[in-house]
Amino acid sequence: NAGVIQTPRHKVTGKGQEATLWCEPISGHSAVFWYRQTIVQGLEFLTYFRNQAPIDDSGMPKERFSAQMPNQSHSTLKIQSTQPQDSAVYLCASSLGWGGNTGQLYFGEGSKLTVL
Amino acid sequence: AQSVTQPDARVTVSEGASLQLRCKYSYFGTPYLFWYVQYPRQGLQLLLKYYPGDPVVQGVNGFEAEFSKSNSSFHLRKASVHWSDWAVYFCAVEGNYNQGKLIFGQGTKLSIKP
């Protein structure tokens, strides 16, 4: 079975450019999560979707970051006007359900964003 | 607010020795707790999970963890480490009202001495 697929694995952008990261959750999973990982901040929750609907975006920077889930097979995280502090590994995860025994997250290998 | 603290940023143990990685959580109510492992250049993989019940839970690769409500802890243990356990270990809490969102600790980097 394919796991969570994230593309691209590596992306280098210049300061001020836009970056779009893609995530394909495991087929049949109804929840999708985005996290950001840096050495300094560790794993930070960004946002999540349940049955494609945005549920909690409390971790998203209010400007420049947006996430969408147009269908059940993919989600995107878009960063406009990228800044060097946006450099991180962006992790996508999906789960069969939420809470209780269905709340286990399955993570992709991440998209490493480097902003020069 | 919910939080997880892993007090040891780095731990080094000899191959074959026993291991304990510490995790303290802060949560009002009944927590669901997880340990994830991240091998170099890979995503996070679930080691084990605790849902209310037996306080000692078994995971993959010989790992186990013990939940203590009185100590607000969920420490990870292994009787005999192998060089392949070299990785970063993350403790996480999911509140039952958070409905799936996990809050992670800062992680503990485990190194193995030959």
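Values in this text are rule-based calculations from the coordinates and carry no lab data. Values in this document were obtained by computation on a predicted structure and should not be read as measured data. Cβ coordinates were reconstructed from backbone atoms using ideal geometry, including for glycine residues, and neighbour counts include every protein chain displayed.
One table, with the values for the structure above:
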item: Qualifying residue in segment B:83-98 (condition: β-branched (Val, Ile, Thr), closer than 24 Å to A:Gly108 by Cα and within 12 Å of another protein chain (Cβ to nearest Cβ)); result: yes
item: Matching residues in segment B:63-114 - criterion: being without any contact (Cβ under 8 Å) to a residue 24 or more places away in the chain and of a type in the set (Lys, Arg); result: B:Lys69, B:Lys101
item: Test: residue in segment B:44-58 that is among the acidic types (Asp, Glu) and surrounded by 14 or more Cβ atoms within 10 Å (Cβ to Cβ); result: no
item: Segment B:12-31: number of residues that are hydroxyl-bearing (Ser, Thr, Tyr), assigned to a loop (DSSP other than H, G, I, E, B) and over 19 Å from B:His82 (Cα atoms); result: 2
item: Among (1) more than 14 Å from chain B (Cβ to nearest Cβ); (2) outside any strand (DSSP E or B); (3) surrounded by fewer than 20 Cβ atoms within 10 Å (Cβ to Cβ), the one test that A:Thr82 misses; result: (3)
item: Breaking point among (1) within 14 Å of chain B (Cβ to nearest Cβ); (2) of a type in the set (S, T, N, Q); (3) in a loop (DSSP other than H, G, I, E, B), for A:Ser94; result: (3)
item: Pairs where the first residue, in segment A:45-59, is at the interface with chain B (Cβ under 9 Å from one of its Cβ atoms) and free of Cβ contacts under 8 Å to residues at least 60 places away in the same chain and the second is of a type in the set (A, V, I, L, M, F, W, C) and outside any strand (DSSP E or B), C-beta under 7 Å, 6+ apart; result: A:Arg50/A:Trp98
item: Hits in segment B:32-55 (condition: touching a Lys or Arg at 6+ places or on another chain (Cβ under 9 Å) and part of a strand (DSSP E or B)); result: B:Tyr32, B:Leu33, B:Phe34, B:Trp35
item: Sole residue being without any contact (Cβ under 8 Å) to a residue 24 or more places away in the chain, under 19 Å from A:Gly42 (Cα atoms), within 13 Å of chain A (Cβ to nearest Cβ) and surrounded by fewer than 17 Cβ atoms within 10 Å (Cβ to Cβ), chosen from B:Arg10, B:Arg41; result: B:Arg41
item: Residue in segment B:19-34 that is surrounded by the most Cβ atoms within 10 Å (Cβ to Cβ), counting only those that are in contact (Cβ under 8 Å) with a residue 60 or more places away in the chain and over 15 Å from the mean Cα position of the chain (by Cα); result: B:Tyr27
item: Whichever residue in segment A:1-40 is under 15 Å from the mean Cα position of the chain (by Cα) and of a type in the set (Val, Ile, Thr) and, among such residues, is nearest to B:Val88 (Cα to Cα); result: A:Thr38
item: So A:Val89, is it more than 23 Å from A:Val115 (Cβ to Cβ), of a type in the set (A, V, I, L, M, F, W, C) and crowded, with 18+ Cβ neighbours inside 10 Å; result: no
